[in-house]
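Have a look at the structure below before the remarks.
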Protein chains: 2
Amino acid sequence: MQAGEVGERALVRRLARHFVSKRNALGLMDDAAALRFGDAWLVASVDRFARATHFPPGMGHEDMGWHACAAALSDLAAKGAEPLGVLVALGVPGEMDEEPLDAVARGLAACAEAHGCEVLGGDTKPGADLSLAVTALGRAPEDELLPRTGARPGDVLAVTGDLGGAAGGLAALRRGDASLAERVFRPRARFAEGRAIAASRGARACTDLSDGLGSSLHQLADGIGFVVRSEALPVSPLAAKAAGHGAEARRWALQGGGDYELLCVLQPSAAERVGLAVRAAGGRLTPIGHAVAERGVWLEQRGQRSELPDEGWEHFRSPQA
Amino acid sequence: MQAGEVGERALVRRLARHFVSKRNALGLMDDAAALRFGDAWLVASVDRFARATHFPPGMGHEDMGWHACAAALSDLAAKGAEPLGVLVALGVPGEMDEEPLDAVARGLAACAEAHGCEVLGGDTKPGADLSLAVTALGRAPEDELLPRTGARPGDVLAVTGDLGGAAGGLAALRRGDASLAERVFRPRARFAEGRAIAASRGARACTDLSDGLGSSLHQLADGIGFVVRSEALPVSPLAAKAAGHGAEARRWALQGGGDYELLCVLQPSAAERVGLAVRAAGGRLTPIGHAVAERGVWLEQRGQRSELPDEGWEHFRSPQA
């Protein structure tokens, strides 16, 4: 079968079968790897972007650099790590001018600096299309690593910040309204929130929402299930502003990607304490549902449950890819 | 100007101006970055390869995986680090079949295992051409990091192993003789040698010979120069076997890339001791010349010095790129 027919996640599962990692405490299916390094964890993650398939039309080169860097850093934030720096592998078409490359570099540098870290180095080679593979390196204290799986029935689901702003901003951009472009093009990794969640020791699992809430819930649901209360979703005011009607904003909050908020699963007795810790760190944590023994993901609306399909962004398969 | 006209090294220098790294002890122009991590160094390096521009025709997909992994690991070996693992960003054309991708994964896994480390994770995304960006992660003890610059006049130049075998093997392959394919397609990073050189504390600088000796000497010559004695070069018996005449084998040893041996600069008083340490580690270290105050790189042959041009492999500019 061809890669384009298999879909990204099935392809990753297939390739992962060839690898056995005893050192990576998070396992190969997490978005980041964690290795014991002295008395701490080295947390590392790589994210690859190509101009033709991953960036919306009209996005500038400086924003491409920022976005690729922020996406890689976001995976570290979701593990409770603090960022140290990034390495960047650039694939550059030979006919590309130097100026847009300078812009990519400026975006990478600005994003790293905004997150308190640095571009440490990289590799630049000819490529058929402009591509960026950003490897983010970070550090987490010994007992404060947040895995992706480990949720138990009864646990509380919670998200940082608000949802749907990036999807709403993208919809606005497509209508020619650039007022929300910053939210779409220049996401920020939630390091303060991730560190607060990890240090509270009340979370059993965490991931970032790069692909959208619905998709991430399906990835976290490893042998269990989740019920999300629609009324509890912190729909972004930006999404509400960009949407034609409330249902559209809610759909963006559920299925839109690119928000880079954190989705975590909390021990019920710790949920309130973790929320206060995130608030003390300058963030916000909203309970949106809970884990159940039955496998699946459901949306609960006015007392009725409906299945929430696994419809987030998936490369190779999603129509834009 | 277009990227293809600028050349790889000038492009990297241009892009590096946008980055300020206070944490990377090796500086942005080294092949690897080193960060303080607890009481040791985290050493990290990324290398990018694309099928269309970086691999010789006839190279199998398993070998592509091995080669990309070995090249990234080699940069760690040259810094005196021990390898922990690699992260891999794959760009995959949608029409590519799963089987060759499996082969790439097998090659990556086999190479990591052969070097005592692991594939820790990665990212797989659609790409216009098959590409691999491999990030290698390693660890070096506090006082044993090998920089790329720091040579002083009078220092001894030395290389591990022998030279020209990869270029000779490639020439043989082009004639239809695959007997040296292993040397070309499956290089090994010199970790035992790199650790021995670093632990001896007698080296001032070190790099790997991915791009060839001539090119690497020009990169090490930061404000000083080097004289290489042609008669001292440890020409590979494989190169001698593949060459039509002795001069061809010697040219491969000087300018051929892909050997992944280590080139180091030793304090004169420590040269013999470092050589013995490398031998004790199962390797070989051959003095091939010395550093001089005058800037430049020269080849000394029968008492005559001639300039050694900077003619190693450079992507974007080299004719095959």
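The values are calculated or read from the model by the stated rules, or taken from the named source; none is laboratory data. Since this is a predicted model, take the numbers as computed values, not measurements. With ideal geometry, Cβ positions are generated from the backbone for all residues, glycine too; neighbour counts draw on all protein chains shown.
Of the conditions (1) in contact with a strand residue (DSSP E or B) (Cβ under 6 Å, 6 or more places away or on another chain); (2) buried (at least 24 other Cβ atoms within 10 Å of the Cβ); (3) assigned to a helix (DSSP H, G or I), residue B:85 fails just one. Which one is it?
Failing condition for residue B:85: (3).
Quick one: would you say residue B:103 is touching a His at 6+ places or on another chain (Cβ under 9 Å), of a type in the set (Gly, Ala, Ser) and surrounded by fewer than 24 Cβ atoms within 10 Å (Cβ to Cβ)?
Taking the combined requirement at face value, the residue satisfies it.
Being outside any helix (DSSP H, G or I) and surrounded by fewer than 24 Cβ atoms within 10 Å (Cβ to Cβ) is the filter here; which residues of the range A:188-209 pass it?
Listed by number, the residues that qualify are A:188, A:201, A:202, A:204, A:205.
Among the candidates B:134, B:43, single out the residue that is aliphatic (A, V, I, L, M), closer than 26 Å to residue B:267 by Cα and within 12 Å of chain A (Cβ to nearest Cβ).
Testing whether each residue is aliphatic (A, V, I, L, M), closer than 26 Å to residue B:267 by Cα and within 12 Å of chain A (Cβ to nearest Cβ) leaves just B:43.
Sort out which residues of the range B:25-46 are surrounded by 23 or more Cβ atoms within 10 Å (Cβ to Cβ) and touching a Leu at 6+ places or on another chain (Cβ under 7 Å), and write them in order of number.
Those that are surrounded by 23 or more Cβ atoms within 10 Å (Cβ to Cβ) and touching a Leu at 6+ places or on another chain (Cβ under 7 Å): B:32, B:33, B:34, B:41, B:42, B:43, B:44, B:45, B:46.
If I ask for residues that are closer than 19 Å to residue B:124 by Cβ, assigned to a strand (DSSP E or B) and within 23 Å of the chain's Cα centre (by Cα), which ones from the range A:119-132 would you list?
Once the filter is applied, which keeps residues that are closer than 19 Å to residue B:124 by Cβ, assigned to a strand (DSSP E or B) and within 23 Å of the chain's Cα centre (by Cα), the range A:119-132 yields A:131, A:132.
When both residues are 6+ apart or on different chains and their Cβ atoms are under 9 Å apart, which pairs have a first residue that lies in the range B:5-30 and is at positive phi, and a second that is among the acidic types (Asp, Glu) and surrounded by 15 or more Cβ atoms within 10 Å (Cβ to Cβ)?
Correct list of pairs: B:7/B:314.
What are the residues in the range B:137-149 that are crowded, with 19+ Cβ neighbours inside 10 Å and either within 10 Å of chain A (Cβ to nearest Cβ) or assigned to a strand (DSSP E or B) (or both), if any?
B:137, B:138, B:139, B:140
Having 3 or more residues that are touching a Phe, Trp or Tyr at 6+ places or on another chain (Cβ under 9 Å) is the bar; report the helices (runs of 4 or more DSSP H) wholly within the range A:213-321 that clear it.
Ranges flagged: A:213-220.
Just to be sure I understand the filter: pairs with C-beta atoms under 9 Å, separated by 6 or more residues or on different chains, first member in the range B:43-59 and closer than 19 Å to residue B:171 by Cα, second member acidic (Asp, Glu) and outside any loop (DSSP other than H, G, I, E, B). Which pairs pass?
Qualifying pairs under 9 Å: B:55/B:63.
Just to check your reading of the model, which residue among B:116, B:94 is surrounded by fewer than 24 Cβ atoms within 10 Å (Cβ to Cβ), at the interface with chain A (Cβ under 9 Å from one of its Cβ atoms), among the small types (Gly, Ala, Ser) and not in a helix (DSSP H, G or I)?
The conditions single out B:94.
With respect to the numbered conditions (1) within 24 Å of residue B:123 (Cα to Cα); (2) more than 9 Å from chain B (Cβ to nearest Cβ); (3) in contact with a His (Cβ under 8 Å, 6 or more places away or on another chain), which one is the sole condition not fulfilled by residue A:53?
Of the numbered conditions (1) within 24 Å of residue B:123 (Cα to Cα); (2) more than 9 Å from chain B (Cβ to nearest Cβ); (3) in contact with a His (Cβ under 8 Å, 6 or more places away or on another chain), the odd one out for residue A:53 is (2).
Restricting attention to the range B:56-78, which residues are surrounded by 24 or more Cβ atoms within 10 Å (Cβ to Cβ) and either within 12 Å of another protein chain (Cβ to nearest Cβ) or among the small types (Gly, Ala, Ser) (or both)?
B:65, B:68, B:69, B:70, B:71, B:72, B:74, B:75, B:77, B:78
How many of the residues making up the range B:20-31 are among the small types (Gly, Ala, Ser) and within 7 Å of another protein chain (Cβ to nearest Cβ)?
1
Would you confirm, using the coordinates I've provided, whether residue A:178 is among the hydrophobic types (A, V, I, L, M, F, W, C), under 22 Å from residue A:114 (Cβ atoms) and surrounded by 22 or more Cβ atoms within 10 Å (Cβ to Cβ)?
For residue A:178, the condition - among the hydrophobic types (A, V, I, L, M, F, W, C), under 22 Å from residue A:114 (Cβ atoms) and surrounded by 22 or more Cβ atoms within 10 Å (Cβ to Cβ) - is not met.
Test residue B:87 against the criterion of being modelled with pLDDT under 95 and within 9 Å of another protein chain (Cβ to nearest Cβ), and give yes or no.
Spelling it out, it is not the case that residue B:87 is modelled with pLDDT under 95 and within 9 Å of another protein chain (Cβ to nearest Cβ).
Inspect the range B:137-159 for any residue being among the hydroxyl-bearing types (Ser, Thr, Tyr), closer than 25 Å to residue B:188 by Cβ and within 17 Å of the chain's Cα centre (by Cα) and give the result as yes or no.
Within the range B:137-159, none of the residues are among the hydroxyl-bearing types (Ser, Thr, Tyr), closer than 25 Å to residue B:188 by Cβ and within 17 Å of the chain's Cα centre (by Cα).
Please work out which residue is nearest to residue B:109 (Cα to Cα), limiting yourself to the range A:17-50 and to residues that are over 20 Å from the mean Cα position of the chain (by Cα) and among the charged types (D, E, K, R).
Restricting to residues being over 20 Å from the mean Cα position of the chain (by Cα) and among the charged types (D, E, K, R), the top hit is A:17.
Quick check on my filter: what residues within the range B:282-291 are over 10 Å from residue B:230 (Cα atoms) and surrounded by 19 or more Cβ atoms within 10 Å (Cβ to Cβ)?
B:283, B:285, B:290, B:291
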